[in-house]
Amino acid sequence: MPNNPTWRIRVVFADRVGPRDYTAPDIRHLDPGWGDEILNRTIERLEFFLPTGHKIVMTGMEYYNFFVEAVQSLSSDACGIKAFWFAGKLPGCSMVNMWRIGDGKVVHIKKVFGQEWGGLPTRGWKKGLVGGPVSSDLVRI
């Protein structure tokens, strides 16, 4: 883990094959690798480190997802990040715990699975480890 994990995603894998965890680079500036092969393993825990001395921790989810909300100017080709989203599908039901980090706020909401973004599904779901404790919390580091 880097000395300053702020703005980084840490994924802890359930299996013991290969590295036990993966820490992404600063997601504000670099591709976190969510679509890369290394994350095609069962996820035990997902963490996201905020600059406030807190982190979002999700465990026990059936699936996990991460995506970026971006905006594009109508008057130019400029594109900017509006928010980062972390999601975990609760096991045994159709609900998704979602965290939105943007506009200087951290917001926790629940949505129906398959209707995460504007009533439509999102892509990029990664398999989680079901059977242990289920949590989706904002905790102080």
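Residues in the range 94-111: is at least one surrounded by 13 or more Cβ atoms within 10 Å (Cβ to Cβ) and acidic (Asp, Glu)?
Checked against the condition, which is being surrounded by 13 or more Cβ atoms within 10 Å (Cβ to Cβ) and acidic (Asp, Glu), the range 94-111 yields no hits at all.
Starting from residues that are over 21 Å from Arg41 (Cα atoms) and under 15 Å from the mean Cα position of the chain (by Cα), keep the ones in the range 114-133 and report whichever is surrounded by the most Cβ atoms within 10 Å (Cβ to Cβ).
By that ranking, first place goes to Glu116.
In this structure, does Gly124 turn out to be on the phi > 0 side of the Ramachandran plot and in contact (Cβ under 8 Å) with a residue 60 or more places away in the chain?
Yes; evaluated as a whole, the condition is true for this residue.
Can you tell me how many residues in the range 1-38 are within 16 Å of Gly88 (Cα to Cα) and under 12 Å from the mean Cα position of the chain (by Cα)?
Adding up the residues that qualify gives 4.
Cβ-Cβ distance below 6 Å, separation of 6 or more or different chains: which pairs start in the range 29-46 with a residue that is small (Gly, Ala, Ser) and end on one that is buried (at least 17 other Cβ atoms within 10 Å of the Cβ) and assigned to a loop (DSSP other than H, G, I, E, B)?
Gly33/Ala24
Kindly indicate whether any position in the range 74-82 is among the hydrophobic types (A, V, I, L, M, F, W, C) and touching a residue at least 12 places away in the same chain (Cβ under 8 Å).
The answer is yes; a qualifying residue exists.
Residue under question is Leu120, and the condition is that it be within 18 Å of Phe48 (Cβ to Cβ) and of a type in the set (A, V, I, L, M); does it hold?
On the way: within 18 Å of Phe48 (Cβ to Cβ): no; of a type in the set (A, V, I, L, M): yes.
In short, no.
Taking the options Val96, Val112, Val106, name whichever one is among the aliphatic types (A, V, I, L, M) and either touching a helix residue (DSSP H, G or I) at 6+ places or on another chain (Cβ under 6 Å) or under 27 Å from Asp15 (Cα atoms) (or both). So that I can check it myself, show each step before the final result.
Details: Val112 fails: either touching a helix residue (DSSP H, G or I) at 6+ places or on another chain (Cβ under 6 Å) or under 27 Å from Asp15 (Cα atoms) (or both); Val106 fails: either touching a helix residue (DSSP H, G or I) at 6+ places or on another chain (Cβ under 6 Å) or under 27 Å from Asp15 (Cα atoms) (or both).
When all the criteria are applied, what remains is Val96.
Every read-out reported here was derived from the displayed coordinates using simple, explicitly stated rules and does not represent laboratory data. Keep in mind that what you see is a predicted model, and the values were worked out from it rather than measured. FYI the Cβ positions are ideal-geometry reconstructions off the backbone, even for glycines, and counts take in every protein chain you see.
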